[in-house]
Amino acid sequence: MEARLSLRYSEGKDVTLLYDQLRLFFTKVTCAKPRSSRNSSIEAFVVCENYTPPADYVPNMSNPLMDMNYDLYVNQLEGPNRVIAPFLACGDLSGFDSDRTYKLQLDGAAEYTYHPPTQSPINPPYKHACQLKSESKLAQEEIKAVSSQADLLDQLLKVSLKDCANETPENRDQLLNKQVIEE
């Protein structure tokens, strides 16, 4: 019977390390991100098939990386266990990192060509802003909003001090509110 293992992991710069570690124990290792998973999600999956540990390997649940006395632990290992444990603590980190950005034109590769999305959003919430920006009206609408607030302030200041001079503070507030509403 063929043994299989499925794992969910977080994508990152150490994916190649995980892949190499699993290849020690399985003949076929597949890293995949299903279509149902968002591109912005760091979630991905590994499917390992045909479990074949190294000869004379003895499985154990110890975790040498979490042990403060790492050197003592490594010196107690024998046979294949001694070889595998140090390998698990290192790896090739020279691959691409999903959290970084890279040049579109890679050295020695074919020239980069932009391809639009296969299916754009039906009605994105930013559609109106994109339209205003393409018509160079985005900043003007912001200015109009600010100027309408300034107009309201001007209306408040137009209230005559003469109208409020002989009033009590409570009556003055009522008079100011009434004039603003009327205007």
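Each value in this text was obtained by applying a stated rule to the coordinates, not by laboratory testing. Every value quoted in this text rests on a predicted model; they were computed, and no experiment measured them. Every residue, glycine as well, gets a Cβ built from its backbone with ideal geometry; the counts of neighbours run over all protein chains shown.
Quick notes
- In terms of surrounding Cβ atoms within a 10 Å radius of their Cβ, Ile42, Ile122 rank from fewest to most as Ile122, Ile42.
- Ascending count of other beta-carbon atoms within 10 Å, so fewest first, for Val15, Val58: Val58, Val15
- Computed extension gain for Gln21 through Thr118, at 0.36 nm per residue and net of the alpha carbon distance, reaches 31.4 nm.
- Whole-Hz Karplus values for segment 27-32 come out as 7, 10, 10, 10, 9, 8 Hz, taken residue by residue from phi with 6.51 cos²θ - 1.76 cosθ + 1.60 and θ = phi - 60°; glycine and proline positions read x.
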